[in-house]
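Everything on this sheet refers to the single structure shown next.
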Amino acid sequence: MGSDKLSNKGAKSSLASRADRQNKTTITTVRKKPLTTYKVPPLTLRLSLSDKQKVQDWVEELQENTNRKVSAAKLFRALTAMKKDIDNNELLEFINDMQ
């Protein structure tokens, strides 16, 4: 049962064959995390379903107004590029008021 769970997560036993055993130095391996097009692991944001929907709605709204593909990652990169133009005090007020 335990090996089924590991197999579903991409793990495989190095004891599968004698040839495998001779070439392996570890007992179990797990697939590498996927990389983004920028060759870095993706940033995981923990958002509620309603917050995820709000971000997706914003992305879709922006997508309608441009000829370029807009993604949540592109939205965050744009926001970080605009950091100097954002009022930090106002932003902190919003953050402090969040539940």
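The values are calculated or read from the model by the stated rules, or taken from the named source; none is laboratory data. Note that the coordinates shown come from a computational prediction; the quantities given were computed from them, not determined experimentally. Every residue, glycine among them, receives a Cβ derived from its backbone with ideal geometry; neighbour counts consider all protein chains shown. Accessible surface is based on the protein model in full, side chains and every heavy atom, while ligands, DNA and RNA are left aside. Shrake-Rupley method; radii C 1.70, N 1.55, O 1.52, S 1.80 Å.
Inspect all residues belonging to region 76-84 and state whether any of them is assigned to a loop (DSSP other than H, G, I, E, B) and β-branched (V, I, T).
Taking region 76-84 as the starting set, the residues that turn out to be assigned to a loop (DSSP other than H, G, I, E, B) are 82.
Now narrow it down to the ones that are β-branched (V, I, T): none.
Checked against the condition, which is being assigned to a loop (DSSP other than H, G, I, E, B) and β-branched (V, I, T), region 76-84 yields no hits at all.
One residue is enough: does region 36-56 have a residue meeting the conditions in a helix (DSSP H, G or I), at pLDDT below 70 and acidic (D, E)? Walk me through it before giving the result.
Pass one, region 36-56, residues in a helix (DSSP H, G or I): 49-56.
Still in the running and at pLDDT below 70: none.
For region 36-56, residues in a helix (DSSP H, G or I), at pLDDT below 70 and acidic (D, E): absent.
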Scope region 33-57; condition loosely packed, with under 10 Cβ neighbours inside 10 Å, closer than 15 Å to A72 by Cα and not hydroxyl-bearing (S, T, Y); matching residues: L43, R46, L49
Neighbours by Cβ (under 7 Å, 6+ apart or cross-chain): first from region 63-82, closer than 18 Å to K52 by Cβ; second open to solvent by 90 Å² or more (accessible area, probe 1.4 Å): L75/W58
Odd one out for F76, checked against (1) under 22 Å from M98 (Cα atoms); (2) surrounded by fewer than 13 Cβ atoms within 10 Å (Cβ to Cβ): (2)
